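Taking it in order: structure first as structure tokens, then the write-up.
Derivation of every value follows stated rules applied to the coordinates shown; laboratory data play no part. If you're wondering where the values come from, they're calculated on a predicted model, not measured in any experiment. Because the Cβ atoms are built from the backbone with ideal geometry, glycine has one as well, and the counts that use them run over all protein chains shown.
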Amino acid sequence: MASKAEQAAALADAFAALVGEGRPVTVRSLREKARVGTDAAREWLVRNRPAAEVPEVPADALVPVLGPLWSAAVTAARDELAETTAAERAALVGAEADALAEAATQRSRAEQAEAEVARLAAELDAAQTAVQEAGRRAVAAEKAAATAAEAEHAARERAHTAELNAADARATARTLRTILDSTRSDQDGN
């Protein structure tokens, strides 16, 4: 349960809010706004309700007393506004500096990435050139192998032909020896 001081503060705040809203201040509206009991709202309203027949505030008499207070309040408000503005400006300048630093960092990263992309592109070009050169060498090696295979085939054919010719020559030589031998034997027998 709230203390009497807390209830009084809540009732005063509720009263000010109702008056500020232009709503009638009754025990019921005060009780609902302050969230207190009916008896507490009635007692507070009896003690604190402004009298209906209050004279106008003597503004002329209060100006000399309230003038310096008003001037001090305005000066304090201006100083507070200047401090708040300066703090906000400093925060904005700091945020801008941070954003510029981050942008510079991102720009540097982008430049590094572009350099890396260029390096990788050069490596890719070199690799593609090496692959093309290897392809040309492979084609040349295949042609050389085909030429060598043809030359080997031709050499085998020549060797085969030479073997056949040699076999023919041996056969001819045997036949001639046989004929010579038989001719000598016939001449010796005669």
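Pick from A77, A40: which is surrounded by 10 or more Cβ atoms within 10 Å (Cβ to Cβ) and touching a helix residue (DSSP H, G or I) at 6+ places or on another chain (Cβ under 6 Å)?
Values: A77 fails: touching a helix residue (DSSP H, G or I) at 6+ places or on another chain (Cβ under 6 Å).
Just a single option satisfies the conditions, and that option is A40.
Picking from A72, A115, A104, A17, which residue would you name as being under 25 Å from S3 (Cβ atoms) and in a helix (DSSP H, G or I)?
Details: A72 fails: under 25 Å from S3 (Cβ atoms); A115 fails: under 25 Å from S3 (Cβ atoms); A104 fails: under 25 Å from S3 (Cβ atoms).
Of the residues listed, the single one that is under 25 Å from S3 (Cβ atoms) and in a helix (DSSP H, G or I) is A17.
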